[in-house]
Amino acid sequence: MSCSSAGILDSHKLSYHYDRVEAWEAGERIAPVSVDMSLTRACGAMCSFCYAMMQESQARSSIKTQIALNLLDDFAEIGIRSVSLVSDGESTLSKAYVPFIQHAASLGIDVGNATNAWEWEPEKIEQVLPHLTWVRFTVAAGRPESYASIMYKGPEHTKVFDRAIKHIKYAVDLKKRKGLAVIMPTTAHDAKGMLIAAIEDDNPVLFIEHRWLHHVKDNVPETYYRVPIGKARVLQEGTDVTIAAFSYMVFEAVIAARALLTAMGLHVEVIDMRSVRPLDVDTVLESVRKTGRLIVADTGFKTGSIAGELISQVTEQAFNDLNAAPIRIASPDHPTPTSPFMAEHYYPSPQTIADAVLDLMGANKNTDDYRKLSDLMIRNGPHDAPNREFSGPF
């Protein structure tokens, strides 16, 4: 394969696909799903860990803008779905960088970008961030001195680290202002509808699914439909306690709520939050103003979890409506145990949620009704699996 000033081919990675190259040379029409490339060989850093060691000075010419745009037109014509600017050079140095990403978006081609963030100035960030599917930052050391040494700048040149971090923080703050949606559907019905809504959204949407939900069956229409992003759903109405749950914890909350109703006559309202951002606080506030008590169940660690954020917002806006302090239910602040013998008390369960409800209600747990409640929620099998039908992954 040849390389000219008009285009730069990554021959290192191309060597793994000689069968496709030979098929192409034989006249077959080959269209990869994704293309890894760079808009320039220039970098400005000579990182000690770089496999390529092909970077050239920033003065060298990059792919010309019009050639880059024509290349995208060709990609679209033959059916290429995505382009990753991850190859040998630092694409943010190219004059074609911004128009390339914007034109790709207009053609419906996804673009990802790996960058050292040095030259990723705010003006560029503003122009490209709405169109990028993902961004990977190459920040290979936790301390400025180490980072500068790796980048061949010398440990005294810590400003290179500070500059990169400044640009990364700007991008994160911009996404917070613009709103990066994060969704965690619980049911298969919502998963399809929210995935369609995410695809149609002009901004990136982070779609998170819990592995323990993969076995759950649901009625999913074959028709095209949307489930709105940022809107929670009340699964079970109640007047005693509100449980706002995320992802798999919705199932645990429903199990606990039904057992509490059967064994102790308590009416618990269960809300499937469905979205982490935007967070539907209004639905939770409406429920809390009715019940006066709040539990938030999350699949993440307790500290820094979305459970704490939701409780903070409810407390700020409805403090006088609360009859008791809200309760967070989440994983403990230590690594997930790999041994089943250590997992027994790690994962929150329906029993954990039911006990929290009773604590909020000030109920007596030393009763026959409580023992009946516990019997309704007994699980047989490993504690790190949701039920006996679960077969993986992990």
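All of the numbers you see were taken from the coordinates with simple rules; none came from a lab. Worth saying up front: this structure is predicted, and the values here are computed from it rather than measured. No Cβ is skipped: glycine too gets one built from the backbone with ideal geometry, and neighbour counts run over all protein chains shown.
The ranking of I311, I353 by Cβ neighbour count inside 10 Å, starting from the fewest, reads I311, I353. Classification of region 233-376 by its C-alpha gyration tensor yields an oblate form. The axis ratio a/c (a ≥ b ≥ c) is 1.5 or more, and b/c is at least a/b.
Sequence-distant contacts, meaning Cα pairs under 8 Å at least 6 residues apart, place the relative contact order of region 233-376 at 27 percent. Ignoring aspartates and glutamates fewer than eight residues from K192 along the same chain, the ones with Cα atoms less than 15 angstrom from its Cα are E200, D201, E209, D218, E222. With coordinates expressed along the principal axes, the C-alpha atoms belonging to region 80-231 extend over 61, 34, 28 Å, beginning with the largest. Taking amide hydrogens as placed 1.01 Å from N in the peptide plane, the amide H of L206 sits under 5 Å from those of A181, V182, I183, each at least 5 positions away in sequence or on another chain.
Exposure proxy ranking for D355, D368, based on other Cβ atoms within 10 angstrom of each Cβ and starting from the fewest, stands as D368, D355. Annotation note: GluC sites (Glu not before Pro) in region 220-262 located in DSSP loop regions with a Cβ neighbour count of at most 10 within 10 Å are E222.
What's the Kirkwood radius of region 226-266 in Å, using all Cα pairs?
Its Kirkwood hydrodynamic radius stands at 11.4 Å.
How much space per residue, in cubic angstrom, does the convex hull of the C-alpha atoms of region 165-310 take up? Walk me through the numbers before you get to the answer.
Values: hull volume 19.4 nm³, N = 146.
With only Cα atoms used, region 165-310 gives 133 Å³ per residue.
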